[in-house]
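Here, each number is a calculation from the coordinates, and none is a lab measurement. Being a predicted model, the structure only gives us computed values, none of them experimental. Quick reminder, even Gly has a Cβ in these numbers, built from the backbone with ideal geometry, and neighbours come from all protein chains shown.
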Amino acid sequence: MANIVNGFKMRNVTIAVSLTAIAAMLVLVLVFGDVLTPAPTPTLNCVIKGNISIAGEKIYHVPGQVFYTATVISPSHGERWFCSESDALAAGWRRADQ
C-alpha cells in the first residue's frame with residue numbers, strides 16, 4: 001500500500017513540475033516572442049534594418065556593418081525594414097556608426 005501512495009505522490013509531483021515548466025515556457029514566448037521569431041524581410045531589395053536603441057534613438061544598419069547580422073527587427077517595438085538609405089533618412093533614422 002505504501003508503494004501505491006508513494007507512486008501517486010510522485011506522479012502528482014511530476015505533473016506539477018511539468019505544468020510549471022510549461023508555464024515558464026509560455027512566459028518566455030510572450031516576453032521574448034519578437035526575438036525568437038524575427039520579422040522577415042519584406043522583399044529582397046529591402047535589407048536595411050531600422051532599429052530603435054535602448055535610449056530610443058532610431059538607427060539603421062546596412063549589410064556589411066558590424067552589428068547588421070546581430071540586429072533583430074521587432075515591428076511591435078516600432079522597428080522596421082527600409083528599401084533605401086534615403087527612405088530611412090526621410091523617416092528620421094540615422095545611419096549606424098559602425
Worksheet, complete the sentence: For region 78-92, Karplus-derived ³J(HN,Hα) couplings (6.51, -1.76, 1.60; θ = phi - 60°; whole Hz; x for glycine and proline) come out as x, 7, 7, 9, 10, 8, 8, 5, 5, 5, 5, 4, 5, 7, x
Worksheet, complete the sentence: For region 48-95 the translational diffusion coefficient, Stokes-Einstein from a Kirkwood Rh over Cα pairs at 4 °C and viscosity 1.567 mPa s, in µm²/s, is roughly 123
Item to complete: Can you tell me the FRET efficiency between A91 and T20 if r is taken as the Cβ-Cβ distance and R0 is 41 Å, rounded to the nearest 0.05?
Response: 0.40
